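The values are calculated or read from the model by the stated rules, or taken from the named source; none is laboratory data. All of these numbers come straight from a predicted model, not from anything done at the bench. Positions of Cβ are backbone-derived with ideal geometry, glycine not excepted, and every protein chain shown enters the neighbour counts.
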Amino acid sequence: MPKNIINDGRKLVGGTSDGTSGAEGRPVHSRAGNKAVSRRDFIKGVISSGATIAAAGYVSQVPGASRAWAASPGALERLISLKVNGRMRRVDILPQETLAATLRYKLGLTGTKLSCDRGECGTCTVLIDDVAYYACTTLTHSVRNRSITTIEGLEGPSGELHPVQKAFVEELGPQCGFCTPGQIMSAVALLKANPHPTRDEILVSMSGNLCRCGSYDHYFKAIMRATQGG
Ligand code: FES
Ligand code: FES
């Protein structure tokens with residue numbers, strides 16, 4: 001009989017007729033005991049455990065399951081209040097949810113863009129208490145009781161553009177425009193902290209915002225223009 005065929009004709013993975021596994025000759029045993037298992041038995045086990053996991057996922061979505069989770073010791077509250085663009089917003093969030101996801105997908109503030117989603121490009125920049133942060137690496141839970149400003153929050157009372165936005169338009173800053181909201185938020189944060197930055201201070205402050213279109217000179221000139229009152 002071929003060495004990898006057992007008595008009832010089923011194949012073992014690299015196994016032998018005596019229930020050992022291939023070159024090293026170790027038995028293929030189940031965890032429950034010393035009984036040799038076939039590949040078919042193994043696959044059956046995987047499928048049944050997968051079904052158990054899938055069922056667990058289903059059960060976790062039944063009404064009451066989230067309440068049980070929320071009531072467990074150390075659990076974070078899911079329904080929280082966030083101050084965004086001067087308004088208090090109630091929002092249901094997950095423990096590991098990022099501010100970028102909350103703003104875009106829960107609050108509909110899609111002016112905050114998501115690109116790398118790993119703190120490298122600056123596309124998602126927003127202000128938290130007037131300081132520029134990457135929203136994609138900020139957990140929403142961590143910014144309760146803070147003041148969040150997105151690009152939508154720069155609009156004046158009559159819908160007019162913020163002076164930095166006007167300067168970006170004047171200097172033809174945006175090319176594709178995808179990075180522009182993040183660039184503007186970083187520039188606004190800079191000018192709030194330092195209304196008259198030097199060239200080097202602008203370059204350092206804007207170094208966390210990448211532009212695939214290479215519009216850096218236009219953005220730089222726009223910020224210089226904004227510091228001079230447009
Ligand atoms: S999307 Fe947040 S830094 Fe790139
Ligand atoms: S304008 Fe296109 S990525 Fe900056």
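Overview of results
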item: Residue identified as away from ligand 2 (no atom under 16 Å from the Cβ) and buried (at least 17 other Cβ atoms within 10 Å of the Cβ) among 99, 114, 139, 79; result: 99
item: Within the stretch 142-170, tally of residues that are within 16 Å of ligand 2 (Cβ to nearest atom) and either among the aliphatic types (A, V, I, L, M) or surrounded by fewer than 15 Cβ atoms within 10 Å (Cβ to Cβ) (or both); result: 5
item: Sole residue being within 16 Å of ligand 2 (Cβ to nearest atom), crowded, with 19+ Cβ neighbours inside 10 Å and over 28 Å from the mean Cα position of the chain (by Cα), chosen from 226, 222; result: 222
item: Pairs with Cβ under 8 Å, 6+ apart, first in the stretch 115-126 and outside the structural domain of residue 185 (by TED's automatic domain parsing), second more than 6 Å from ligand 1 (Cβ to nearest atom) and not aliphatic (A, V, I, L, M); result: none
item: Qualifying residue in the stretch 171-183 (condition: more than 15 Å from ligand 2 (Cβ to nearest atom) and modelled with pLDDT of 95 or more); result: no
item: Residues that are over 11 Å from the mean Cα position of the chain (by Cα), of a type in the set (A, V, I, L, M) and either within 20 Å of residue 176 (Cα to Cα) or within 11 Å of ligand 1 (Cβ to nearest atom) (or both), drawn from the stretch 91-118; result: 109
item: Members of the stretch 188-221 that are of a type outside the set (Ser, Thr, Tyr) and within 16 Å of ligand 1 (Cβ to nearest atom); result: 189, 206, 208, 209, 210, 211, 212, 213
item: Close pairs from the stretch 159-181: first more than 17 Å from residue 123 (Cα to Cα) and assigned to a helix (DSSP H, G or I), partner more than 10 Å from ligand 2 (Cβ to nearest atom) and at pLDDT below 95, Cβ under 6 Å, at least 6 apart; result: 163/230; 166/230; 167/230
